[in-house]
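A.B. asks: Handing you this structure, nothing more for now.
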Amino acid sequence: MSMPRLSAPPATAGEIFALVRDGEADTRAELGRITGLSRSAVASRVAALAGLGLIIETEDTQSTGGRPPARVSFDVDAGVVLAAAIGRSRSQLGVFTLGGEFLAGDTVDQEIGIGPDELMPQITKRLQALLDESHRTEHRILGVGLSIPGTADTARGCSLDSPIMHGWDGVPLAPFFADTTSAPVFLDNDANAMVLAERRDNRDRFQNALLVKASTGLGAGIVAGGALQRGSLGAAGEFGHTKTAAAAGVACRCGDSGCLEAIAGGWALVRALNEQGREVGHIRGVVDLAVSGDPEARRLIRDSGRHIGETLAGAVNLLNPEVLIVGGDMANAYDIFVAGLRETVYGNATALATKALTIQATTHGDLSGVIGSAALVLDQVLSARAVDDALGS
């Protein structure tokens with residue numbers, strides 16, 4: 001239960017909106033009780049938020065006597081956000097309400113190695129079509145959220161020194177949306193976006209989480225103390241190119257050798273099957289084989305989980321997360337992959353760090369990336385500070 005503010009500065013309109021958005025208050029009286037603001041102060045802030053189109057007041061039809069109190073609620077249909085989770089061979093797109101509800105989506109299959117000048121116009125064109133399909137063409141676009149594999153320069157909105165996104169490094173992606181919207185464009189790493197999707201739905205359940213994305217490449221999203229951790233250069237969670245003894249001398253696609261990805265990344269599993277004369281073009285094909293009972297595919301995926309767990313055990317000791325979330329293409333063979341992961345995480349991490357640790361799949365499965373990309377926008381444009389800035393307060 002929220003307690004009245006005793007000595008803090010008066011609550012701003014943005015803070016009032018946060019209470020309404022998070023469902024902590026739905027009447028002016030509750031807002032006054034929680035914040036300690038006078039009735040007139042609450043009224044002025046509510047009026048300002050209504051002027052922005054962010055909240056609406058409706059009469060409470062459930063009242064049993066007297067004048068019914070007006071209900072204050074977040075107008076999730078006051079605008080939309082656009083989102084795209086860009087991968088190396090497939091990108092997922094979506095249009096969302098301001099409440100994060102998925103309105104329309106699509107998948108774009110693309111050639112590996114395609115550059116931004118070729119792919120981004122396809123993405124913007126398809127997002128515009130999704131706006132039409134969801135009947136939201138006339139709605140305000142409050143922002144665009146993008147996620148990409150590898151390190152993202154969130155300030156410049158581009159890929160940063162990525163060994164796999166050739167042709168994308170240093171190319172700002174916001175200008176590609178100039179003809180679609182003047183709204184801000186936000187960019188982050190794909191694993192970071194996925195863990196934001198988990199935080200959106202499990203905000204009260206965990207404050208410390210480690211998400212591993214096991215797909216063509218490997219990456220992790222880290223939440224510590226309730227906040228997403230990006231690191232000083234945005235490279236937090238880039239554990240795929242950590243050296244491991246099991247990969248000694250094995251060439252990695254980054255140009256080095258001995259990286260974890262060289263034996264545990266999805267592309268390495270594809271390479272292993274190809275070297276055996278098996279025609280598989282993507283990790284999704286390896287997963288399909290494993291789920292259908294192919295013994296070699298099952299062994300490769302379990303071994304991938306085992307190798308990843310050896311590296312993640314150190315992260316579990318350092319961060320002491322309450323939950324380890326598994327996402328990416330290999331999560332579609334969850335039981336097989338986690339059998340190996342659990343073996344080495346619990347075997348190599350300390351007993352205390354794993355005492356209350358749970359391992360689970362992503363809440364949204366294959367949609368985690370695009371939902372997280374939308375959450376990236378919503379966390380920014382609907383924050384208390386952003387709302388206050390919009391009001392000039």
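A.B. asks: Can you list residue pairs whose Cβ atoms sit under 9 Å apart, with the first residue in the stretch 225-243 being touching a residue at least 24 places away in the same chain (Cβ under 8 Å) and more than 20 Å from residue 313 (Cβ to Cβ) and the second being open to solvent by 40 Å² or more (accessible area, probe 1.4 Å) and among the acidic types (Asp, Glu)? Count only pairs 6 or more apart in sequence or on different chains.
C.D. replies: Matching pairs, first to second residue: 228/379; 233/161; 235/161.
A.B. asks: Output the residue which, of all residues in the stretch 104-126 that are of a type in the set (S, T, N, Q) and open to solvent by less than 60 Å² (accessible area, probe 1.4 Å), is nearest to the chain's Cα centre (by Cα). Working first, answer last.
C.D. replies: Filtering the stretch 104-126 for residues of a type in the set (S, T, N, Q) gives 107, 110, 122, 124.
With open to solvent by less than 60 Å² (accessible area, probe 1.4 Å) added as a condition, the list becomes 110, 124.
Details: 110: 22, 124: 20 Å.
Top of the filtered list is 124.
A.B. asks: Could you list, ordered by first residue, the pairs with Cβ atoms under 6 Å in which the first is in the stretch 17-36 and in contact (Cβ under 8 Å) with a residue 40 or more places away in the chain and the second is in a loop (DSSP other than H, G, I, E, B) and of a type outside the set (A, V, I, L, M), at least 6 apart or interchain?
C.D. replies: 27/69
A.B. asks: Can you find a residue that is farther than 30 Å from residue 353 by Cβ, crowded, with 20+ Cβ neighbours inside 10 Å and either of a type in the set (Phe, Trp, Tyr) or at pLDDT 95 or above (or both) anywhere in the stretch 213-220?
C.D. replies: We begin by selecting, within the stretch 213-220, every residue farther than 30 Å from residue 353 by Cβ; these are none.
Scanning the stretch 213-220 turns up no residue that is farther than 30 Å from residue 353 by Cβ, crowded, with 20+ Cβ neighbours inside 10 Å and either of a type in the set (Phe, Trp, Tyr) or at pLDDT 95 or above (or both).
A.B. asks: Which one of these does residue 166 not meet: (1) assigned to a strand (DSSP E or B); (2) closer than 25 Å to residue 262 by Cβ?
C.D. replies: With (1) assigned to a strand (DSSP E or B); (2) closer than 25 Å to residue 262 by Cβ applied to residue 166, the lone miss is (1).
A.B. asks: In addition: Could you list, in sequence order, all residues of the stretch 132-154 that are over 22 Å from residue 239 (Cα atoms) and surrounded by fewer than 19 Cβ atoms within 10 Å (Cβ to Cβ)?
C.D. replies: 132, 133, 134, 135, 137, 138, 139, 140 - these are the residues of the stretch 132-154 that are over 22 Å from residue 239 (Cα atoms) and surrounded by fewer than 19 Cβ atoms within 10 Å (Cβ to Cβ).
A.B. asks: Where residues in the stretch 76-103 are in a loop (DSSP other than H, G, I, E, B) and open to solvent by 40 Å² or more (accessible area, probe 1.4 Å), which of them is modelled with the lowest pLDDT?
C.D. replies: Among those residues, the one meeting the criterion is 88.
A.B. asks: Follow-up. Where the second residue is open to solvent by less than 10 Å² (accessible area, probe 1.4 Å) and the first is at positive phi and lies in the stretch 364-393, which pairs have Cβ atoms under 9 Å and are six or more apart or on separate chains?
C.D. replies: Every condition considered, the pairs that remain are 365/327.
A.B. asks: Here are some residues: 165, 194. Which one is touching a strand residue (DSSP E or B) at 6+ places or on another chain (Cβ under 8 Å), closer than 29 Å to residue 137 by Cα and crowded, with 20+ Cβ neighbours inside 10 Å?
C.D. replies: Exactly one residue qualifies, and that residue is 194.
A.B. asks: Which ones in the stretch 319-362 are part of a helix (DSSP H, G or I), hydrophobic (A, V, I, L, M, F, W, C) and touching a strand residue (DSSP E or B) at 6+ places or on another chain (Cβ under 9 Å)?
C.D. replies: Scanning the stretch 319-362 gives 319, 330, 331, 337, 338, 341, 345.
A.B. asks: Confirm whether residue 129 is open to solvent by less than 10 Å² (accessible area, probe 1.4 Å) and part of a helix (DSSP H, G or I).
C.D. replies: Spelling it out, it is not the case that residue 129 is open to solvent by less than 10 Å² (accessible area, probe 1.4 Å) and part of a helix (DSSP H, G or I).
A.B. asks: Out of everything in the stretch 347-365 that is crowded, with 18+ Cβ neighbours inside 10 Å and modelled with pLDDT under 95, what residue ends up being farthest from residue 336 (Cα to Cα)?
C.D. replies: 364
A.B. asks: How many of the residues making up the stretch 255-294 are without any contact (Cβ under 8 Å) to a residue 60 or more places away in the chain and touching a strand residue (DSSP E or B) at 6+ places or on another chain (Cβ under 8 Å)?
C.D. replies: 8
A.B. asks: Okay, moving on. What tally of residues in the stretch 83-123 results from selecting those that are charged (D, E, K, R) and out of contact with any strand residue (DSSP E or B) (no Cβ under 7 Å at 6 or more places or on another chain)?
C.D. replies: Residues flagged as charged (D, E, K, R) and out of contact with any strand residue (DSSP E or B) (no Cβ under 7 Å at 6 or more places or on another chain) within the stretch 83-123 amount to 5.
A.B. asks: Which of the following residues is charged (D, E, K, R) and not in a loop (DSSP other than H, G, I, E, B): 271, 278?
C.D. replies: 271
The values are calculated or read from the model by the stated rules, or taken from the named source; none is laboratory data. Since the model is a prediction, treat every value here as computed from it, not as a measurement. Here Cβ is always computed from backbone atoms with ideal geometry, including for glycine, and neighbour counts include all displayed protein chains. Heavy atoms of the whole protein, side chains included, go into the accessibility calculation; ligands, DNA and RNA do not. Shrake-Rupley method; radii C 1.70, N 1.55, O 1.52, S 1.80 Å.
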